[in-house]
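Report on the structure given below.
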Amino acid sequence: RRLIVRLGDSAACTLSAAGPLGTLGLTVLRATSAGNVHWVDIPESGRWALNAECGAKSYAVEPMMVDVPATGPDPVIDVRLVK
C-alpha cells in the first residue's frame, strides 16, 4: 500500500507516519517527497498518525489520522500544518 499526502503549507517539510494504531508495536516511516507531494509505502492497513518536521521544528498536521484500507486504490490525502 502506498499513502500519498499533499502538504499544502510547505514543500520544505519531511512527513512521517506511525502505525497502525491500536495494534501491538508501532512502525514509524519517513515519507519520500517531491515538492509538496509525499508518499509512504505502508506495510499494513489500519489507522496511521501523520507528523511533519520543518527544519528543526515538529508540527502536527490536520487531519492527523488517516485510514489505509487493505484493498482498493491507494489513499490520497490533503493535509495542512497546525501552527
Residue ID - nearest to the chain's Cα centre (by Cα), chosen from residues in the range 50-66 that are among the charged types (D, E, K, R) and exposed (fewer than 13 other Cβ atoms within 10 Å of the Cβ): Glu62
Select from the range 1-49 the residues that are within 15 Å of Asp78 (Cβ to Cβ), over 10 Å from the mean Cα position of the chain (by Cα) and of a type outside the set (Asp, Glu) and write down the one among them that is modelled with the lowest pLDDT. Ala11
Residue list for the range 25-50, restricted to those being in a strand (DSSP E or B), of a type in the set (A, V, I, L, M) and touching a Pro at 6+ places or on another chain (Cβ under 9 Å): Leu29, Leu50
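For the range 6-28, does any single residue satisfy the condition of being in contact with a Ser or Thr (Cβ under 9 Å, 6 or more places away or on another chain) and open to solvent by 80 Å² or more (accessible area, probe 1.4 Å)? Step through it out loud before you land on a result.
Here is the first cut: in the range 6-28, the ones in contact with a Ser or Thr (Cβ under 9 Å, 6 or more places away or on another chain) are 7, 11, 13-15, 17-20, 28.
Next cut, open to solvent by 80 Å² or more (accessible area, probe 1.4 Å) only: 28.
For the range 6-28, residues in contact with a Ser or Thr (Cβ under 9 Å, 6 or more places away or on another chain) and open to solvent by 80 Å² or more (accessible area, probe 1.4 Å): present.
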Could you list, in sequence order, the residues of the range 72-82 that are touching a residue at least 24 places away in the same chain (Cβ under 8 Å) and open to solvent by 60 Å² or more (accessible area, probe 1.4 Å)? Asp74, Val76, Asp78, Arg80
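The values are calculated or read from the model by the stated rules, or taken from the named source; none is laboratory data. Note that the coordinates shown come from a computational prediction; the quantities given were computed from them, not determined experimentally. Ideal geometry is used to build each Cβ from the backbone, glycine not excepted, and the neighbour counts take in all protein chains shown. Accessible surface is based on the protein model in full, side chains and every heavy atom, while ligands, DNA and RNA are left aside. Shrake-Rupley method; radii C 1.70, N 1.55, O 1.52, S 1.80 Å.
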